[in-house]
Amino acid sequence: MRIGMRLLATLLITLLPALAAAVPPIQHWTLDQGARVYFVQNDNLPIVDIRLTFDAAGARDGSLPGLAQLTSALLDQGNDGLDAGEVARRLETVGARLSGGSERDMAWLQLRSLTNPAALEQAVDTLTRIIGSPDFPAAAFERQKARMLVGLQAVRQSPDELGTRAFYRAIYGDHPYANPPSGTEQSLPQITRDHVVNFYRQYYTAGNVVVAIVGAIDRTQAETLARRLNDALPAGPAAPPLPPVQPLAQSQLEQVPFNSAQTHIIIGQPAIARGDKDIYAFMVGNHVLGGGGLVSLLTTTMRDQHGLSYSTSSYFVPSAKPGPFVIGSQVRNESAEQAVTVLRKVFADFLQNGPTQQQLDLAKRNITGGFPLNLDSNSKIVGYLAVIGFYGLPLDYLDTYLDRIGAVTAKDVQAAFQRHLNPAAMATVLVGPQPSESAQ
Amino acid sequence: MRRLLYIALTLLTLSAPAALAVERPEIQEFKLNNGMTVIVRPDHRAPVVASMVWYRIGSSYEEVGSTGISHVLEHMMFKGTTRYPAGEFSRIIALQGGRENAFTGRDFTAYFQQLAADRLPIALELEADRMRNLRLQEADFKKEVQVVMEERRLRTEDNPIALALEHFNTVANLLSPYRNPIVGWMEDLQAMTMADLQRWYQRWYAPNNAILVVAGDVEPEAVRVLAERYFGRIPARALPAVRKPITLQTPGSRRIEVSLPAELPYLTISYETPSMATAAEAWEPYALTVLAGVLDGGESARLSSELVRGREVAAGVGADYSAVARLSSQFSFSGYPARNRTLADLEAALLEQVERVREGGINAEELERAKNQMIADHLYQLDSIFYQAMQIGMLETTGIGWRTLLEFEDRIRAVTAEQVQAVARRYLTEPRRAILHLNPISGGQG
């Protein structure tokens, strides 16, 4: 202990310069049709990561949950007359890797390629066909829809997924966030190929994309690359803003019967949006409460003090509109009632009292001291660029991050939590056998 | 076959991208006087470091009756020493902006911290302390073993596929200790005592059974000095002789049908194969690796092209071969049937794929594509400092050695289509095969 503290005193002096050096310079420009480009040149490895983020995810599903995810999965299943195998072959022959997905706010495609000119050219050419000329072949459409229905069978055997679905339904009511991005047994069969084609035309447009590039190419190459991607996309505007989220009016208890050895507990409500001024205080507060790993209040109470669960945590999902704040745990069934009581008590106490000065300092030191770890690879940096671009965060978001966290006080945390969270209107979801009556 | 090989080599020379020859950061290895191994991989891209202490102990060293003990001990390693009582370790690392955790595998138990590079001494001091001075206490143990049981319920018992695979492993590995779950059988967790743990700690947690791996913004010489300072004084201990367990290579075809409350039918087919540690011929694991790539290296590989698309018999399917294992390993297929297709349909389609490779081999284009993909992936892995340290630790604790990383590219390039067919013929055989069907019964809900 003593040695640890002495080392700390010495090391704090050297801390700041090291951190400043960790933030890479971000270059940003916007193309005529609206594509927003974010670029970090990093010559250390002969690779490049290109992440395209579209406002084309589950929140845009309308009355057909799963539509965005189906569209995203079909993008590379036949392009420009080439079949899915040929499209994949063109990427894989040159060692390129393509991944993609679609949640509630963001739909993305990420390409990782070698930077040697022949490989990169073939990979980028293929990517432009994927985003710009998807054929949505009828057979691929049917197959992918059937695969998503099999995916729903997997959901039905996962207490965690069932709980998450029930939770979003409970806290978002009529808001598009209520829908599961992977769709439902009711919605998927209703989706037609035309729905997919129209969804693509509406949302996969140059005005609705953020292009993030990190790697061993220079500005000129990045400009050409971004231009090609932009030109491949149909012209079109950014998606309109999502509707506002209504706060929960009262507490709810949702019990999902499931034949499992553990009861899964999810407690929470809609909380905070990206760009909210309270976000830094919220980060620090959540770190103390349940986001800080083995030392957080929820973990030490549930795991070390009571031996109740393997994993207990809290997190929040800052989103375009207020995303959820969630406390989650899994406990043996006979302890479910006790666990809900403990979780609620830890939360209520924290909401009322805020963090102690010591807890606050520990959280701030962990967040700021660990900041370089968030930026230690190209793949992490490209992820940040996508978030900055998608949510329109300021370009100096990373440069000012440490100061913003450093400025958070215990009072700020308490005020932010009280502003965004209401203990009298929380949803509690329990997934497990014979749910306890008295948990309410 | 000759002709195909010739074409393969030509294609490779033409298109093997020159830029792949990246300068890999030099890895350096030292031995401390007490027998502890120190391996350093400098990577100066960011001012951070991943520090890991790996012990050559894991579930494959355990026997039925005390399974799960390595993993429970891993949990108990966070319960404090005289100098740093329970919670202090984690608190200090958190205070330093670090992230930390630990994991247990079949062949290793590892503890890691990720920190700003100048905080490395703190991590080393704390790890050295708990290597020797762990204070195991009954009250902590009683609670922690409950936590581990919760972990088991979460990961295995409430997950039909994990549960089915747990049973399948006892059949696929008839004698190999890989048959036991890393987390341990519930009965063994219930019977475990403090005395057992104390013995396990005394027996295996010694510097001469440990490897310190440091990757990141550090200089090897500086790490050597730090390692000497913190770990150098811990005395070596006599380690039990480790006899390689018996593994049956060709016991005969096996099949297990597991019926569980579930929704989704699931299939696994696995074959006993050598690993890099056990292969009689060094090229074989590389040929098996390339085979896995040809079958499942991407969306253009055979399984996706022919079974997911093509015949639409699978909703999802994969092939996997883990070359990095201390004992002999498995080449396996797994997947879910497409809607309106059965496990029997999928099984037949996969066995047909096996037969096709055995009989017809692979073509030059497939070989080249799989190799290019693997070599590119190998390069992409350099993007993660953490993963680089992981690779070194896994190669060392399985007895394969980190130098394998240096020859990986050349070894992969050297694999021929004939070799791929040869390992398929030699290892994807019925007497080496075990098959799992997970048949869902009446749903998990309700």
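The values are calculated or read from the model by the stated rules, or taken from the named source; none is laboratory data. As the structure is a computational prediction, the values presented were derived from the model and not from experiment. Don't worry about glycine lacking a Cβ; one is built from the backbone with ideal geometry, like all the others, and counts go over all protein chains shown.
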task = Among residues belonging to region A:40-58 that are crowded, with 24+ Cβ neighbours inside 10 Å and touching a Lys or Arg at 6+ places or on another chain (Cβ under 7 Å), point out the one that is farthest from residue B:45 (Cα to Cα).
result = A:58
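More than 25 Å from the chain's Cα centre (by Cα) and touching a residue at least 12 places away in the same chain (Cβ under 8 Å): is that true of residue A:213 in this structure? Spell out how you get there, then give the answer.
Values: more than 25 Å from the chain's Cα centre (by Cα): no; touching a residue at least 12 places away in the same chain (Cβ under 8 Å): yes.
When the stated conditions are applied, residue A:213 does not pass them.
Count, please, the residues in region A:216-228 that happen to be in a helix (DSSP H, G or I), touching a residue at least 12 places away in the same chain (Cβ under 8 Å) and surrounded by fewer than 14 Cβ atoms within 10 Å (Cβ to Cβ). Step through it out loud before you land on a result.
So in region A:216-228, the residues in a helix (DSSP H, G or I) come out as A:219-228.
After this cut, where a residue has to be touching a residue at least 12 places away in the same chain (Cβ under 8 Å) as well, the list is A:219, A:222-223, A:225-228.
Now drop any that are not surrounded by fewer than 14 Cβ atoms within 10 Å (Cβ to Cβ), which leaves A:219.
Number of matching residues: 1.
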query = In this structure, is residue A:151 in contact with an Asp or Glu (Cβ under 9 Å, 6 or more places away or on another chain) and either more than 14 Å from chain B (Cβ to nearest Cβ) or not aliphatic (A, V, I, L, M) (or both)?
reply = no
key: Residue check for residue A:439: small (Gly, Ala, Ser) and at pLDDT 95 or above   = no
key: Failed condition for residue A:342, given (1) within 26 Å of the chain's Cα centre (by Cα); (2) within 17 Å of residue A:314 (Cα to Cα)   = (1)
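Confirm whether residue A:432 is surrounded by fewer than 17 Cβ atoms within 10 Å (Cβ to Cβ), within 14 Å of chain B (Cβ to nearest Cβ) and in contact (Cβ under 8 Å) with a residue 24 or more places away in the chain. So that I can check it myself, show each step before the final result.
Details: surrounded by fewer than 17 Cβ atoms within 10 Å (Cβ to Cβ): no; within 14 Å of chain B (Cβ to nearest Cβ): yes; in contact (Cβ under 8 Å) with a residue 24 or more places away in the chain: yes.
When the stated conditions are applied, residue A:432 does not pass them.
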task = Could you tell me which numbered condition residue B:444 fails, if it satisfies all but one of (1) farther than 26 Å from residue B:107 by Cα; (2) at pLDDT 95 or above; (3) in contact with a helix residue (DSSP H, G or I) (Cβ under 8 Å, 6 or more places away or on another chain); (4) of a type outside the set (A, V, I, L, M, F, W, C)?
result = (2)
remark   = residue A:245 fails exactly one of (1) free of Cβ contacts under 8 Å to residues at least 12 places away in the same chain; (2) more than 9 Å from chain B (Cβ to nearest Cβ), namely (1)
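What are the residues in region A:104-126 that are more than 14 Å from every other protein chain (Cβ to nearest Cβ) and surrounded by 17 or more Cβ atoms within 10 Å (Cβ to Cβ), if any?
The initial filter retains those residues of region A:104-126 that are more than 14 Å from every other protein chain (Cβ to nearest Cβ), namely A:104-108, A:124-125.
Passing the criteria: A:104, A:105, A:106, A:107, A:108, A:124.
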Unmet requirement for residue B:362, which otherwise passes all of (1) under 26 Å from the mean Cα position of the chain (by Cα); (2) buried (at least 18 other Cβ atoms within 10 Å of the Cβ); (3) among the β-branched types (Val, Ile, Thr) = (1)
query = Any idea which residue in region A:221-265 is nearest to residue A:178 (Cα to Cα), counting only those that are of a type in the set (S, T, N, Q) and in contact with a helix residue (DSSP H, G or I) (Cβ under 7 Å, 6 or more places away or on another chain)?
reply = A:252
note = The lone condition residue A:95 fails out of (1) without any contact (Cβ under 8 Å) to a residue 60 or more places away in the chain; (2) more than 7 Å from every other protein chain (Cβ to nearest Cβ) is (2)
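If I filter region A:379-386 for residues that are hydroxyl-bearing (Ser, Thr, Tyr), in contact with a helix residue (DSSP H, G or I) (Cβ under 8 Å, 6 or more places away or on another chain) and modelled with pLDDT under 95, do I get at least one hit? Spell out the reasoning first.
Of all residues in region A:379-386, those hydroxyl-bearing (Ser, Thr, Tyr) come to A:379, A:384.
With the extra rule that they be in contact with a helix residue (DSSP H, G or I) (Cβ under 8 Å, 6 or more places away or on another chain), the set shrinks to A:379, A:384.
From what is left, the residues that are modelled with pLDDT under 95 are none.
No, because not a single residue in region A:379-386 is hydroxyl-bearing (Ser, Thr, Tyr), in contact with a helix residue (DSSP H, G or I) (Cβ under 8 Å, 6 or more places away or on another chain) and modelled with pLDDT under 95.
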query = Quick check: is even one residue across region A:350-369 more than 14 Å from chain B (Cβ to nearest Cβ) and without any contact (Cβ under 8 Å) to a residue 12 or more places away in the chain?
reply = yes
Unmet criterion (only one of (1) modelled with pLDDT of 95 or more; (2) in a helix (DSSP H, G or I); (3) surrounded by 15 or more Cβ atoms within 10 Å (Cβ to Cβ)) for residue A:374 = (1)
query = Which one of these is without any contact (Cβ under 8 Å) to a residue 60 or more places away in the chain and under 25 Å from residue A:251 (Cα atoms): A:178, A:146, A:154, A:138?
reply = A:178
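Only residues that are assigned to a loop (DSSP other than H, G, I, E, B) and within 13 Å of chain A (Cβ to nearest Cβ): list them for region B:253-304, please. Walk me through it before giving the result.
So the first thing to find is which residues in region B:253-304 are assigned to a loop (DSSP other than H, G, I, E, B), and the list is B:253, B:263-265, B:274-282, B:297-301.
Answer for region B:253-304, where residues must be assigned to a loop (DSSP other than H, G, I, E, B) and within 13 Å of chain A (Cβ to nearest Cβ): B:263, B:264, B:265, B:297, B:298, B:299, B:300, B:301.
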ask   = If a residue has to be touching a Lys or Arg at 6+ places or on another chain (Cβ under 6 Å), hydrophobic (A, V, I, L, M, F, W, C) and under 24 Å from residue A:104 (Cα atoms) to count, how many in region A:250-306 make the cut?
value = 1
Enumerated helices (runs of 4 or more DSSP H) restricted to region B:26-132, each holding at least 1 residues that are surrounded by 23 or more Cβ atoms within 10 Å (Cβ to Cβ), in contact (Cβ under 8 Å) with a residue 60 or more places away in the chain and under 19 Å from the mean Cα position of the chain (by Cα) = B:69-76
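Looking for whichever is at pLDDT 95 or above and either more than 25 Å from residue B:206 (Cβ to Cβ) or within 11 Å of chain A (Cβ to nearest Cβ) (or both) here; the options are B:154, B:95, B:120, B:174. Which one fits? Step through it out loud before you land on a result.
Details: B:154 fails: at pLDDT 95 or above; B:95 fails: at pLDDT 95 or above; B:174 fails: at pLDDT 95 or above.
Within the list B:154, B:95, B:120, B:174, the selection yields B:120.
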message = Please return the ranges of helices (runs of 4 or more DSSP H) entirely within region B:325-443 where 3 or more residues are free of Cβ contacts under 8 Å to residues at least 24 places away in the same chain.
response = B:343-360
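Among residues belonging to region A:57-86 that are in a loop (DSSP other than H, G, I, E, B) and in contact with a Ser or Thr (Cβ under 7 Å, 6 or more places away or on another chain), point out the one that is nearest to residue A:386 (Cα to Cα).
Quick first cut of region A:57-86, residues in a loop (DSSP other than H, G, I, E, B) only: A:57, A:61-66, A:75-77, A:80-81.
Going one step further and asking which of them are in contact with a Ser or Thr (Cβ under 7 Å, 6 or more places away or on another chain), we end up with A:57, A:64-66, A:80.
Values: A:57: 14, A:64: 26, A:65: 24, A:66: 23, A:80: 27 Å.
Checked region A:57-86; the qualifying residue nearest to residue A:386 (Cα to Cα) is A:57.
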task = Examine region A:305-327 for a residue that is within 14 Å of chain B (Cβ to nearest Cβ), under 21 Å from residue A:277 (Cα atoms) and in contact (Cβ under 8 Å) with a residue 24 or more places away in the chain, and state whether such a residue exists.
result = no
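Of these, A:196, A:155, A:211, which one is hydrophobic (A, V, I, L, M, F, W, C), over 29 Å from residue B:305 (Cβ atoms), in contact with a Leu (Cβ under 7 Å, 6 or more places away or on another chain) and crowded, with 19+ Cβ neighbours inside 10 Å?
Values: A:196 fails: over 29 Å from residue B:305 (Cβ atoms); A:155 fails: over 29 Å from residue B:305 (Cβ atoms).
Step by step, each of A:196, A:155, A:211 is checked, and only A:211 is hydrophobic (A, V, I, L, M, F, W, C), over 29 Å from residue B:305 (Cβ atoms), in contact with a Leu (Cβ under 7 Å, 6 or more places away or on another chain) and crowded, with 19+ Cβ neighbours inside 10 Å.
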inquiry  = Take the conditions in contact with a Gly (Cβ under 9 Å, 6 or more places away or on another chain), of a type outside the set (A, V, I, L, M), farther than 25 Å from residue A:337 by Cα and in contact (Cβ under 8 Å) with a residue 60 or more places away in the chain and apply them to residue A:285. Does it pass?
reply    = yes
inquiry  = I'm trying to understand the selection: among the residues of region B:305-343, which are away from every other protein chain (no Cβ under 14 Å), of a type in the set (Val, Ile, Thr) and touching a strand residue (DSSP E or B) at 6+ places or on another chain (Cβ under 7 Å)?
reply    = none
